[in-house]
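*Asks:* The structure is given below, and queries will be raised subsequently.
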Amino acid sequence: MPGRNFLFVPGPTNVPERILRAMDRAMEDHRSSAFPELATGLFRDLKKIFKTTTGQAFIFPATGTGGWEAALVNTLSPGDRVVAPRYGQFSHLWIDLAQRHGLRVDIIDVEWGEGAPVDRIHELLAQDTQHEIKGLLIVHNETATGVTSDVAAVRKAMDAASHPALLYVDGVSSIGSIDFRMDEWNVDLAITGSQKGLMLPAGLGIVCASPKAFAAREHAKCPRVFFDFGDMTRANTSGYFPYTPSLPLLYGLRESLAMMAEEGLENVFARHHRLAEGVRAAVRAWRLKLCAKAPQWYSDTVSAILVPEGKSGADVIDVAFRRYNLALGAGLARLAGKLFRIGHVGDLNELMLLGAIAGAEMAMRDVGIKIEAGSGVAAAAEYYRSTATPLAARAAAPLSPDALQPPPAGKTTSPRVAARA
Ligand code: PLP
């Protein structure tokens, strides 16, 4: 099909040209004396994405699932009790992984469309006076339902119960696109993958561990080899990896971090919020509902849109793909057929979103869903138009004060960063 494929699944996301170019290079010796410059810069700059100064970032050649596993096996022992609310397919899969490692999981089932139930978490922890519970597993942004949970409130609930459990947070579809504050929220293990907010292909599982999490390693008896924090740390300290790293992905990650530094992390979050608001305006104009039950749960990286009774979300997705070259996200597990998802994460702008909204609208009409032609596009376009930054202001906007540090001079293709360095 001519023209670009419109990739609007919530990961993998569009890989910007700059990152593609940065990854397109000859292989080199990952044990050379020059290599640590690349690796140490990544460890340093990744911390800024997690908003931590005390945490330690680990980069595994893996995916988000590998990150889940690394976080658990380095800090827990078979038979340990952990608590995990379940409100979508990804929280479900993480629980399954924990159980297969022999952990005892107290599952708090929550209606899909809501997020982490702070009161119930508090109640459970407060009852555990013997501190048998070793960890709490929270999916910050449940990609299956388009629900974002309030991690700060979860931390408050833990503190109110004076409970010492480790706080594990899956930030696979939030970190780098929705505000995440590892230190402020006292998160012990934060996990992400490369193929969402970081705008890279899949292939990196990134975990950040607090000093408390790192210390838990000493007593954790879950078997681990590939994901061992100890082996990683010994090699990472001097800027190397214990096994062959994926060089293209590491160079891509450096470019991705540079791009986020130039835009400014807070601006990245604001852009995601604004793009998401446009999609939500379209959904309202279509008179459809989001799977997320209330605004407090709305996700800025993915909208899961319920189709009317008797219609199939899978048909919408198939028609969008075959006729309009638009990839929308499917309904997962119990939500299969009930909805379709528009991912609005990563390297995107208003007009790209308008293309996706137009394609979704056309596909919905093609399968007989009664929505007014052009209604969603008009609502989103008006929202984007009325909230656009004036052109002059956009051109003159200073870099955000807490923008990430760029990589060393000469290592970036950006004239703005090169000029500052
Ligand atoms: N957690 C969340 C919230 C996700 O959205 C995903 C994947 O989409 C995962 C975990 C699993 O990540 P991966 O597919 O990279 O293993």
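The values are calculated or read from the model by the stated rules, or taken from the named source; none is laboratory data. All of these numbers come straight from a predicted model, not from anything done at the bench. Here the Cβ is made from the backbone with ideal geometry for all residues, glycine too, and neighbour counts use every protein chain on show. Side chains are part of the model used for accessible areas, which takes the heavy atoms of the whole protein and leaves out ligands, DNA and RNA. Shrake-Rupley method; radii C 1.70, N 1.55, O 1.52, S 1.80 Å.
*Asks:* Could you tell me the accessible area of T13 in Å² (1.4 Å probe, neighbours in place), rounded to the nearest ten?
*Replies:* Rounded to the nearest 10, that gives 10 Å².
*Asks:* Continuing with this model, one more query. Counting alpha carbon pairs within less than 8 Å and at least 6 residues apart, what relative contact order, in whole percent, applies to the chain?
*Replies:* 22 percent
*Asks:* Another question, if that's okay. Taking the full set of protein chains and a 1.4 angstrom probe, give the accessible area of V225 in square angstrom, rounded to the nearest 10.
*Replies:* Counting only protein heavy atoms, V225 exposes about 120 Å² to solvent.
*Asks:* Give the long-range amide H neighbours of L166: residues separated by 5 or more places, or on another chain, with amide H under 5 Å away, using H modelled in the peptide plane at 1.01 Å from N.
*Replies:* Answer set, sorted by chain and number: G135, L136.
*Asks:* For R81, which sequence-distant residues (separation of 5 or more, or a different chain) have an amide H within less than 5 Å of its own amide H, given hydrogens modelled in the peptide plane?
*Replies:* The answer is R104, K134.
*Asks:* Given the convex hull over the Cα atoms of the range 1-122, what projected area results after averaging over all orientations, in nm²?
*Replies:* Convex hull of Cα atoms, orientation-averaged projection: 12.5 nm².
*Asks:* Using only the alpha carbons, work out the radius of gyration and Dmax of the range 210-330 in angstrom.
*Replies:* That works out to 21.7, 59 Å for Rg and Dmax.
*Asks:* For labels at E17 and E123 in the simple 7 Å Cα→Cβ model, what's the distance in nm?
*Replies:* 5.6 nm
*Asks:* Taking the range 140-208 as the region of interest, what is the percent of Cα-Cα pairs per 5 angstrom bin, listed from the shortest bin to the one with the maximum distance?
*Replies:* 4, 17, 27, 24, 16, 8, 3, 1, 0
*Asks:* Largest first, what is the accessible-area ranking of R4, R274, R31 with a 1.4 Å probe?
*Replies:* My answer, sorted largest first, is R4, R31, R274.
*Asks:* Which far-off residues, 5 or more places away or on another chain, put their amide H under 5 Å from the one on G193, with H placed in the peptide plane?
*Replies:* Residues meeting the amide H criterion: I206.
*Asks:* Please compute the Kirkwood hydrodynamic radius of the range 197-240 from all pairs of different C-alpha atoms, in Å with one decimal.
*Replies:* 12.4 Å
*Asks:* With a 10 Å cut-off between alpha carbons and a GNM built on the chain, which of P201, P223, P117 moves the most?
*Replies:* Top of the fluctuation ranking is P223.
*Asks:* Which shape class applies to the range 278-365: rounded if a/c is under 1.5, otherwise prolate when a/b exceeds b/c and oblate if not, where a ≥ b ≥ c are the square roots of the Cα gyration tensor eigenvalues?
*Replies:* It comes out rounded by the Cα gyration axes.
*Asks:* Whole-Hz ³J(HN,Hα) for each residue in the range 8-17, computed from phi via Karplus 6.51 cos²θ - 1.76 cosθ + 1.60 with θ = phi - 60°, x for glycine and proline: what do you get?
*Replies:* Going residue by residue, I get 10, 7, x, x, x, 9, 4, 9, x, 3 Hz, with x marking Gly and Pro.
*Asks:* Of V118, V316, which has the most accessible area and how do the rest follow, probe 1.4 Å?
*Replies:* V118, V316
*Asks:* Follow-up. Kindly identify the range 198-275 as rounded, prolate or oblate by the Cα gyration tensor criterion: order the square roots of the eigenvalues as a ≥ b ≥ c, call it rounded if a/c is under 1.5, otherwise compare a/b with b/c, prolate if a/b is larger, else oblate.
*Replies:* Since a/c reaches 1.5 and a/b is larger than b/c, the shape of the range 198-275 is classed as prolate.
*Asks:* Out of every Cα pair in the range 62-200, what percent are spaced more than 20 Å from each other?
*Replies:* Cα-Cα pairs of the range 62-200 separated by over 20 Å account for 41 percent.
*Asks:* Quick one: with all protein chains in place, what share of the accessible area of the chain is carbon or sulfur, to the nearest percent (1.4 Å probe)?
*Replies:* Of the solvent-accessible surface of the chain, carbon and sulfur hold 55 percent.
*Asks:* Also, quick follow-up: Count the DSSP beta bridges whose two residues both fall in the chain, then state the antiparallel fraction as a percent rounded to the nearest 5.
*Replies:* About 50 percent, rounded to the nearest 5.
*Asks:* Between R31 and R181, what length in nm is gained on full extension when 0.36 nm per residue of separation is reduced by their alpha carbon distance?
*Replies:* Full extension of this stretch gives 50.7 nm more.
*Asks:* Over the range 133-226, what is the relative contact order in whole percent, taking alpha-carbon pairs under 8 Å and six or more residues apart?
*Replies:* 22 percent
*Asks:* Ranked from the most accessible area to the least, with a 1.4 Å probe and all protein chains present, what is the order of T75, T54?
*Replies:* My answer, sorted largest first, is T54, T75.
*Asks:* Report, ordered by chain and residue number, the lysines lying within cross-link reach of K289, taken as a straight Cα distance under 21 Å and ignoring same-chain residues fewer than 8 apart.
*Replies:* Leaving aside lysines fewer than 8 places away in the same chain, those within reach of K289 are K311, K338, K370.
*Asks:* Please express the Cα-Cα pair-distance distribution P(r) of the range 67-111 as a list of whole percents, one per 10 Å bin, running from 0 to the bin with the greatest distance.
*Replies:* 29, 58, 12, 0
*Asks:* Residue-wise, which Karplus ³J(HN,Hα) couplings in Hz belong to the range 100-112, taking 6.51 cos²θ - 1.76 cosθ + 1.60, θ = phi - 60°, and x for glycine or proline?
*Replies:* Here the 3J(HN,Hα) series is 5, 8, x, 7, 9, 10, 7, 8, 9, 7, 10, 4, 5 Hz.
*Asks:* Please state the shape class of the chain: rounded when a/c is under 1.5, otherwise prolate if a/b exceeds b/c and oblate if not, all from the C-alpha gyration tensor.
*Replies:* oblate
*Asks:* Another one. Can you run phi through the Karplus equation (6.51, -1.76, 1.60; θ = phi - 60°) for the range 248-262 and list ³J(HN,Hα) in whole Hz, with x for Gly and Pro?
*Replies:* x, 5, 5, 5, x, 5, 4, 5, 4, 5, 5, 5, 5, 5, 5
*Asks:* At 1.4 Å probe radius, can you tell me the per residue accessible area of the chain in Å²?
*Replies:* Per-residue accessible area for the chain comes out at 41 Å².
*Asks:* Then there's this: How big is the accessible area of D106 in square angstrom, nearest 10, if you roll a 1.4 angstrom probe over the protein chains?
*Replies:* My reading of the accessible area for D106 is about 40 Å².
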